[in-house]
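For reference, the structure is listed below as structure tokens.
Here, each number is a calculation from the coordinates, and none is a lab measurement. Small disclaimer: the values here were computed from a predicted structure and weren't measured. Positions of Cβ are generated from backbone atoms using ideal geometry, with glycine treated the same way; all protein chains shown enter the neighbour counts.
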Amino acid sequence: MPKVSSTARMPRADEIKKLRNEAGWTQEQAAKRVRSGSLSSYQRWEQGTHPMPEAAFELMLLKVRLAKDAPAVLQKAETEFDTLVGEGHQRGAFRASTG
């Protein structure tokens, strides 16, 4: 198992915003794509008032690159995900029913 670095840093607000702008997404689109839970949560990450979880930042990096290099692949993957977990997950129903 890979060792987790204790020196890993959280993404900076300007890095998050730059990535979103590279993809041409609104904050709402970015929030949905990284499954932030809410627009306000995503906005706090971009404002730098709350740290963006490493997994969300990694997902954002991957999706931004796919949006630029292979948009059809990104669309297909997101459609498959939504089909597998159901539309309720996007609206927060999944989290509410498990927590």
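Remarks
- Scalar couplings 3J(HN,Hα) for region 77-82, obtained by applying the Karplus form with A = 6.51, B = -1.76, C = 1.60 to θ = phi - 60°, are 5, 5, 5, 4, 4, 4 Hz; x denotes Gly and Pro.
- Shape index of region 13-98: Rg/Rh, with Rg the Cα radius of gyration and Rh the Kirkwood radius from the inverse mean 1/r over Cα pairs, equals 0.96.
- Most positive-pole-ward Cα, HIS50, VAL85, LEU61, against dipole of region 13-98 from beta carbon charges: HIS50
- Computed label-point distance, nm, for sites LEU59 and GLU28 using a 7 Å Cα→Cβ extension: 1.9 nm
- In sequence order, region 16-31 has phi-based couplings of 5, 5, 4, 4, 4, 5, 4, 7, x, 8, 6, 4, 5, 5, 5, 4 Hz under the Karplus curve 6.51 cos²θ - 1.76 cosθ + 1.60, θ = phi - 60°, and Gly or Pro positions carry x.
- Among the chymotrypsin sites (Phe, Trp or Tyr not before Pro) found in region 1-81, not one is both in a DSSP coil and sparsely packed, with 10 or fewer other Cβ atoms within 10 Å of its Cβ.
- Within the shell defined by Cβ-Cβ distances under 13 Å, the residues around LEU59 carry a net charge of +3, with Lys and Arg each +1 and Asp and Glu each -1.
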